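Q: Here it is: the structure, laid out below.
The values are calculated or read from the model by the stated rules, or taken from the named source; none is laboratory data. The structure displayed is predicted, hence computed values, not measured ones. Areas reflect the complete protein model, heavy atoms only, side chains present, ligands, DNA and RNA absent. Shrake-Rupley method; radii C 1.70, N 1.55, O 1.52, S 1.80 Å.
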Amino acid sequence: PTLYTKVGLCFRFNKPCIILPIPASTKSKQQNRYNKFLIEFCQNKKNLINGFELVQILFDRPAKHISETRESKVNYKIDLKSISKLGNVDIIVFDDLVTQGGTISQFLNELRAHKDKVKQIITLGATV
C-alpha cells in the first residue's frame, strides 16, 4: 500500500464527510500536492467524498515562508453551493504542512457558513 492508503486506514468515517484541501500558492502545486493524495485517500471509503474539485485556485501567488511577512491574498474560491447541496455532511480540512497557521485560519473563515460542519483538521506535518 502507498503512504496515502496507509494514512487513510487510520481513520473511520461513520457518516458522510467531505475532505477539502487547504489551497496551495499555485495551480500546479495544488494539483501536485493534493489531487493524487485525495484520490487514493478517499478510495474505497464509503462515507468519504473527495473535495479536491471544490477548491479552485484562481491565480498563482508567491508562496508564504516563515521568515516573510506579507499581506495574505485569497487566491482561491471554495464552491460553497456544492457543499450546501451535499446536505448533512461533516467537513474535514486537510493540509500537508502547516507553518504559521494563517492559511488554515483564512480557509476556515471562508467556510464560516459551514463552521458547524467542520469536524477535523488533518495535517501531515508542521514547522516549529
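Q: How large is the accessible surface per residue of segment 28-128, computed with a 1.4 Å probe and reported in Å² as a whole number?
A: Solvent-accessible surface per residue comes out at 62 Å².
Q: Please work out how much accessible surface Val118 shows to a 1.4 Å probe, ignoring ligands, DNA and RNA, in Å² rounded to 10.
A: Estimated to the nearest 10 Å², Val118 gives 40 Å².
Q: Each residue of segment 15-31 in order: what ³J(HN,Hα) in whole Hz does its phi give by Karplus 6.51 cos²θ - 1.76 cosθ + 1.60, θ = phi - 60°, with x for Gly and Pro?
A: Working through the residues one at a time gives 9, x, 9, 10, 9, 10, x, 5, x, 7, 6, 9, 4, 5, 5, 4, 4 Hz.
Q: Considering only protein heavy atoms, with the full assembly of protein chains and a 1.4 angstrom probe, order Lys15, Lys36, Lys81, Lys45 by accessible area, largest first.
A: Lys81, Lys36, Lys15, Lys45
Q: Related question: Can you sort Glu40, Glu53 by 1.4 Å-probe accessible area, starting with the largest?
A: Ranked from most to least accessible, the order is Glu53, Glu40.
Q: Using only the Cα atoms of segment 13-128, each taken as one equal point scatterer with no solvent, compute I(q) by the Debye sum, divide by I(0), and report log10 of the ratio at q = 0.13, 0.14, 0.20 Å⁻¹.
A: -0.48, -0.56, -1.17
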